[in-house]
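The structure appears below as C-alpha cells.
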Amino acid sequence: MKRTSKVTRKTAETNISIEINIDGTGTSEIDTGFKFMDHMLTLLAKHSGVNLKVFASGDLTHHIIEDIGIVLGECFEKAVGEKKGINRYGYYFVTMDESLARCVLDFSGRKSLILDLKLNECNIEDVAVEDVRHFFNSFAENAKMNLHLAVLYGEDQHHKIEAAFKAFAKAIKNALTIVSDDIPSSKGVL
Ligand SMILES: [Mn+2]
C-alpha cells in the first residue's frame, strides 16, 4: 500500500495544501510565507525521510501556522492508513549545540500532548512561540497521536525549537518504519 496523501483546506482565513509520501527520501518544497516555519518543515522532511510539499497562505500568522498543523496532521493520519506493520512507537533525543530535545510518540489513534519546549515568550525569527505550540497541538490532534515533546535544557530559542523539530522528525521515522506485517495492537486495530 502506498503511504501517501494530499489534503487541501480552504477557509475564510487560510488556504493550505499539503502532500506527503511517508516512504520518501526527505525531499521538500515548502512555502508557508514564514521563513522560520519553512526552515522547520524542511528539516522535518529531511530528518523523517518523509517527502513533503507544503503551500500555505492566509490572513494571520496564528491562523496559518495552526492550520498547517491541522492539515499536516490529517495528511499523516490518512497516509499511515491501518498502520499495518509499523513500529507504532518512536522516540529520539537530539542535541543542537547547548540544547537537548526529547520526543516520544505513539501513533495510537488518540490525541495526547505533553509539550515543554522551555521557550521564552518572545518571537522566534518571524513566528511567535505560541504559534509553534499551536502547530504541535494541531498536529497531534489531527494525526491522532500521543506526542510528548520536551526540551530538557538549552539557551538559544532557535536551537531549542530546531532540536525539538529534529527529535520529532526522527521519532516519526522510527514510529513509521515497517517492522512486521501485523497491526501493532493487542486489540487488532489502531
Ligand atoms: Mn537553524
Practice prompt. Pop a pseudo-label 7 angstrom from the Cα along the beta-carbon direction at both residue 17 and residue 187 and give the gap in nm to one decimal.
Written response: 3.6
Practice prompt. Over the range 20-62, with every protein chain in place, what whole percent of the accessible area is carbon and sulfur at 1.4 Å, could you tell me?
Written response: 52
Worksheet item: Between 29, 66, 162, which gets the highest mean-square fluctuation from a Gaussian network model of the chain, Cα cutoff 10 Å?
Response: 29
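Based on the Cα gyration tensor of the chain, what are the three equivalent ellipsoid semi-axes, each the root of five times an eigenvalue, rounded to whole Å and given largest first?
Sorted largest first and rounded, they come to 25, 20, 14 Å.
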Worksheet item: Once amide H atoms are built 1.01 Å from N in the peptide plane, which residues 5 or more positions from residue 34, or in another chain, come under 5 Å H to H?
Response: none
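What value, in deg cm²/dmol to 500, does the helix sum -39500 (n - 2.57) over DSSP H runs of n ≥ 4 give at 222 nm once divided by the residues of the chain?
Dividing the helical sum by the residues of the chain leaves -12000 deg cm²/dmol.
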Item to complete: Mind checking the full-extension length gain between residue 59 and residue 153? Use 0.36 nm per residue of separation minus the Cα-Cα distance, one decimal, nm.
Response: 30.4 nm
Worksheet, complete the sentence: Relative contact order in percent for the range 44-190 (Cα pairs under 8 Å, 6+ apart) equals 38
Worksheet item: Which is the longest stretch in the chain that no exposed loop site breaks, taking sites as trypsin sites (Lys or Arg not before Pro) with a DSSP loop state and at most 10 other Cβ atoms within 10 Å?
Response: 3-186
Worksheet item: ³J(HN,Hα) across the range 107-119 via Karplus (A = 6.51, B = -1.76, C = 1.60, θ = phi - 60°), whole Hz, x for Gly/Pro?
Response: 7, 7, x, 10, 8, 8, 10, 10, 10, 9, 8, 6, 9
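At R0 = 30 Å, how high is the FRET efficiency between residue 126 and residue 98 if r is their beta carbon distance? Nearest 0.05 is fine.
0.85
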Worksheet item: For residue 134, what accessible area in Å² do you get when you roll a 1.4 Å probe over the heavy atoms of the protein chains, rounding to the nearest 10?
Response: 60
Worksheet item: Roughly how many Å² of residue 183 are accessible to a 1.4 Å probe, to the nearest 10?
Response: 40
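The values are calculated or read from the model by the stated rules, or taken from the named source; none is laboratory data. Please read these numbers as outputs of a predicted model, since none were measured by experiment. Please note: Cβ atoms are built from the backbone with ideal geometry, for glycine as well, and neighbour counts cover all protein chains shown. Remember, those area values only see protein heavy atoms, side chains included, never the ligands or the DNA or RNA. Shrake-Rupley method; radii C 1.70, N 1.55, O 1.52, S 1.80 Å.
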